[in-house]
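The values are calculated or read from the model by the stated rules, or taken from the named source; none is laboratory data. Source: prediction; values computed, not measured. Glycine also receives a Cβ, built like all others from the backbone with ideal geometry; neighbour counts cover every protein chain displayed.
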Amino acid sequence: MYPVIRLIWQMFKHRKDAPLGVTDTHVSRHMCLPWDIDLWMELNNGRTLTLFDMGRIPLAQRVGLIAALKRRKWGLTVAGVSVRYRRRIRMFETVEMQSRAVWWDDRFVYIEQSMWKASGECANHILLRTAVTGKSGIVPPNEVMAEVGQNLTRPDAPEWVNAWIDADTKRPWPPMQE
């Protein structure tokens, strides 16, 4: 089940945080709860993706995107994701999550998120291809930036983001069926 109460809590907790620029980092803390674990008593890989929502949605709130979505009747979607799982997160362990937009092209905004253990080790890292959607499909990121009042110059794409985009374009779609 989707953790709606946790999301509401994160939105409430960060409601008075200072606004952020589009490429600034939102930092939040999260605990691995009993319903987040798998058979090995650690954070389930699928739940990890859900918990990353707990960082992205408040980030969107702090950059002014949530208000723009409501005003324009837009939505959000994830169009691709790449995850690295490197360290286990055990039940009742707390992690610090860092969330930020790293780049955008003519259609998508690329968001980087990571979870950090108290030891300073990065437990996992994710890159998402996201989009704002409207009645006519994907809303160009430059239009979104203008709507949230952040008319800034697009940063250079990190090399590793470009490499992922290039690799993803080589992946067959639709996938082959047996």
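For this structure, a couple of remarks:
- Qualifying residue in the range 140-161 (condition: aromatic (F, W, Y), at pLDDT 95 or above and assigned to a helix (DSSP H, G or I)): yes
- Lone qualifier among R29, R15 - being in contact with a strand residue (DSSP E or B) (Cβ under 6 Å, 6 or more places away or on another chain) and not acidic (D, E): R29
- One residue stands out in the range 1-36 among those that are of a type in the set (F, W, Y) and outside any loop (DSSP other than H, G, I, E, B): the one that is surrounded by the most Cβ atoms within 10 Å (Cβ to Cβ), namely W9.
- Whether a residue is touching a helix residue (DSSP H, G or I) at 6+ places or on another chain (Cβ under 6 Å) and either surrounded by fewer than 10 Cβ atoms within 10 Å (Cβ to Cβ) or more than 25 Å from L51 (Cα to Cα) (or both) was assessed, and E147 passes this test.
- Sole residue being touching a residue at least 60 places away in the same chain (Cβ under 8 Å) and touching a strand residue (DSSP E or B) at 6+ places or on another chain (Cβ under 6 Å), chosen from A101, A79: A101
- Those residues of the range 58-100 which are assigned to a strand (DSSP E or B), buried (at least 19 other Cβ atoms within 10 Å of the Cβ) and in contact with a Leu (Cβ under 8 Å, 6 or more places away or on another chain), in sequence order: M97, S99, R100
- Residue within the range 54-69 that is closer than 30 Å to A163 by Cβ and of a type in the set (V, I, T) present: yes
- Within the range 109-136, considering residues that are small (G, A, S) and in contact with a strand residue (DSSP E or B) (Cβ under 9 Å, 6 or more places away or on another chain), the one surrounded by the fewest Cβ atoms within 10 Å (Cβ to Cβ): A118
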